[in-house]
Amino acid sequence: MIKMNKKAAFYTLGCKVNQYETEAIIDIFLDNNFEIVDFSAEADVYIINSCTVTNQAASKSRKIARRAKRSNNDSLVAVVGCYTQAFPEEVSSISEIDFIMGSSNKSKIVNKVKKLLAGKNVDNEIKEYQELKDYEDLEIKRLSNTTRANIKIEDGCNQFCSYCIIPYARGPVRSREQKSILNEIKKMIGQGVKEIILTGTHLGAYGTDKGNKTALTDLMQQLTELNNLQRLRLSSIEGTEIDAKMIDLIAENDIFCPHLHLPLQSGSNEILKAMQRPYTAEEFKETINKIRAKIPDIAITTDIIVGFPGENEKTFKQTLELVKELKFSKIHVFPFSAREGTPAFKMDNKLNGNIIKKFSKKLRFINKSLMEEYQANFLGQNKKVLIEEARDQQTGFLTGYTDNYLKILVEGPDNLKNTLREVKLEQSFDHSHIKGIIIE
């Protein structure tokens, strides 16, 4: 009788770090002779890599776990990652979940699964967040997509912004060895990856746990020396962690995408202080001006939290004025969600939900205008576009991104996917897309 491989399905919520970790865990399951199936299919094991940055993310993690058990009542359902790390008792109380793991030892998930499938018991051990002191060196061997790849270089955060649960869910800063990073990127390039995205829970803190405040810039310098690396992009980074050498590297080396995501969160010093952010509005503006002095056309995207406790018409107006002055190429608008376990959860002066909705609508309207304004700077120009694996669902066109993160629609055959093409940016399709024509 032929023994069938057990089937495992994965669902990832949240950030690029989670996406990276899930791909690495899938590799481990493949190495242990599991067949990987779509999450909507019937499987023996369902793994949910959870998120807890908002109440909605935690709620979705619970819903996905219950949905998995309905797909196969005899299956094992595991919830791992940030949600379980921050709220283990809450997650353990969900009857559909068979076992949980936190933000450490993810490489050992497969061992627990094999024990449970063999009828053995396992412990739901979750370390306290302060005990997460060692970087877990996961690695992606098999790529699901060779257009771009996330490379995790750091875990944890020491910043403790008053609204944020992440330091409690990810633990303190832990940095990956530079040699390990370089080796993985070389493998990715060899497998045909066109764009590398350096990512971490607190990317700009890379190396600070080892006393090296310039470690990220040093790594970037090393990456300029790799053969055949076509594009390198940084994920979210704090403005306070951008130094002059980093700006020069991005300005002077074509492999670096002229795009930085710098979370502002608020344009009001009063609100920034309440958020425990490490800068003032004036300091943030000065950083932007320094960057643009060297890289005039750079795309700078940002996050804004709307409706933080104590927000009022005056402080919100300060935010609107600053975002218009700084001309972000895109704003991610986050209505405030009070997260249990954070200082902001206990703050007074919380805003009525309708006021938060009104403020969010205003900011989204400005964002649309700013996106259109940034797009207009490049209409009629030729830009290199990295064509994506998936077509646009609405139009059927191929999609792709320029180095400065403009999303482009082009007509063409499937063999153009995962290639860099010269494209003339012809006209604005909407505030999120430009219609282009391939010219080579």
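Where a number appears in this text, it was derived from the coordinates with a stated rule and is not lab data. Because the structure is a prediction, the values reported are computed rather than measured. With ideal geometry, Cβ positions are generated from the backbone for all residues, glycine too; neighbour counts draw on all protein chains shown.
Tabulated data for the structure shown
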| item | result |
| --- | --- |
| Ranked by how many other beta carbons lie within 10 Å on average, peptides 389-398, 195-204 from highest | 195-204, 389-398 |
| Student exercise, region 382-438 dipole from Lys, Arg, Asp, Glu Cβ charges, in Debye to nearest 20 | 140 debye |
| Cα centroid separation - region 334-402 against region 89-107, whole Å | 32 Å |
| Relative frequency of Cα-Cα separations exceeding 38 Å in the chain, percent | 25 percent |
| Lysines with Cα under 17 Å of Lys127, excluding same-chain neighbours fewer than 8 positions away | Lys106, Lys108, Lys112 |
| Backbone HN-Hα couplings from phi across region 310-324 [Karplus 6.51/-1.76/1.60, Hz, Gly and Pro as x] | x, 4, 8, 4, 5, 5, 5, 4, 4, 5, 4, 5, 6, 5, 5 |
| Average Cα contact separation per residue, region 145-257, under 8 Å, 6 or more apart, as relative contact order % | 28 percent |
| Residue-by-residue Karplus 3J(HN,Hα) for region 384-391, coefficients 6.51, -1.76, 1.60, Hz, glycine and proline x | 6, 10, 8, 6, 7, 6, 9, 7 |
| Dipole of the chain, positive end: most advanced residue of Asn111, Ile355, Phe334 [Cβ charges, Cα centre] | Ile355 |
| Of Lys152/Lys435; Lys133/Lys210; Lys141/Lys194, those spanning more than 23 Å from alpha-carbon to alpha-carbon | Lys152/Lys435 |
| Cα convex hull of region 222-311 - mean projected area over all directions, nm² | 6.2 nm² |
| Which of Ile242, Val77, Thr419, positive extreme of dipole for the chain (C-beta unit charges) | Val77 |
| Dipole magnitude of the chain about its Cα centre (Cβ charges: Lys, Arg +1; Asp, Glu -1), debye to nearest 20 | 800 debye |
| Cα-based radius of gyration of region 94-206 once divided by 2.2 N^0.38 Å, which approximates compact folds | 1.25 |
| For the chain, calculated [θ]222 nm from helices alone, where every DSSP H run of n ≥ 4 adds -39500 (n - 2.57) | -10000 deg cm²/dmol |
| Cα shape, region 260-389, gyration tensor, a/c 1.5 rule | prolate |
| Region 354-398 shape via C-alpha gyration tensor axes, a/c threshold 1.5 | oblate |
| Cβ-defined net charge surrounding Val122, 14 Å radius [Lys, Arg +1; Asp, Glu -1] | +2 |
| Length-normalised contact order of region 7-128 in % [C-alpha pairs under 8 Å, at least 6 apart] | 22 percent |
| Sum of side-chain charges, Ala338 neighbourhood, beta-carbon under 10 Å (Lys, Arg +1; Asp, Glu -1) | +2 |
